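A.B. asks: Structure incoming, see below.
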């Protein structure tokens, strides 16, 4: 394994490794405004949701690594502490990328990238009409993480209004994950597209504790035919399956393949049912 000491790396080298490693990252497409009413629109992938009560997002317009300058988004937020976080889907990814060009201050990236300005209901910066989700935010605080090139500036944004396009909603007015067609940033020029084909579910053990690896039958726990992921699926059941102590659990190759097939379809109960027929 290659081990790196960040104290011995340049900022460019740290950026190269970490932006590839910490991914995929959601994209904060932030619209802001200055005191003269000039609108700015810029994407940031140092971004996530951090609190539900209060509803808080944080994104970071970092100081540029190449020349240690700050971004217009940060400058705007310091004088008009409001923003709209527009969520980016695949249909707008090329326009979003175009808007990230370092245009001179006062340039309206809505116009440059061909987006439609939509008036917000609460804050001064406009929304991106093409974005499937638009979050109107009040900036509560900006925390500087340093003055050197690459240093972050944490923008703590309180979400006040959530706008959802009808096209991404199901019959109950809940967001349909598959309809969003989100994109995310990876390292370098790479992006990820989240489509229905690459979505999968992992059941959360919210209220009932999984039995854990230690409670799995030895025929499962010590069987290299099952991956650690598959064993974890089986160990996430909340009741220890009961086996007759006088009967030995015997898993044929056919049974193993049946169990693995059930697990690949997230049918854990079926997998356990197959196991229990193997005594």
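A.B. asks: GNM on the chain, C-alpha springs below 10 Å: top fluctuator among 167, 99, 225?
C.D. replies: 225
A.B. asks: Roughly how large, in nm² to one decimal, is the mean projection of the convex hull of the alpha-carbon atoms in segment 132-279?
C.D. replies: Over every viewing direction, the Cα hull of segment 132-279 projects on average to 14.9 nm².
A.B. asks: Let me ask something additional. Given C-alpha coordinates of segment 213-276, what is the ratio Rg to Rh with the Kirkwood estimate of Rh?
C.D. replies: With Rh from the inverse mean 1/r over Cα pairs, Rg/Rh is 0.91.
A.B. asks: Connecting C-alpha atoms closer than 10 Å in a GNM of the chain, tell me which of 214, 34, 189 has the biggest fluctuation.
C.D. replies: Fluctuation is largest for 214.
A.B. asks: Which order, highest average first, do 258-270, 169-181 follow once you tally other Cβ atoms within 10 Å for each residue and take the mean per peptide?
C.D. replies: 258-270, 169-181
A.B. asks: Here's another thing I want to ask about it. Hey, in the GNM for the chain with a 10 angstrom Cα cutoff, which one of 55, 126, 43 fluctuates hardest?
C.D. replies: Highest fluctuation among the options: 55.
A.B. asks: On the first, second and third principal axes, largest extent first, how far apart are the outermost C-alpha atoms of the chain in Å?
C.D. replies: Result for the chain: principal-axis Cα extents of 82, 54, 32 Å.
A.B. asks: Give me the angle, in degrees from 0 to 90, between the Cα long axis of helix 11-21 and the longest principal axis of the Cα atoms of the chain, rounded to the nearest 10.
C.D. replies: Once rounded, the angle reads 40 degrees.
A.B. asks: In square nanometres, what is the average projected area of the Cα convex hull of segment 34-112?
C.D. replies: 6.1
Bear in mind that the values in this text are calculations on the coordinates, not laboratory data. As the structure is a computational prediction, the values presented were derived from the model and not from experiment. Quick reminder, even Gly has a Cβ in these numbers, built from the backbone with ideal geometry, and neighbours come from all protein chains shown.
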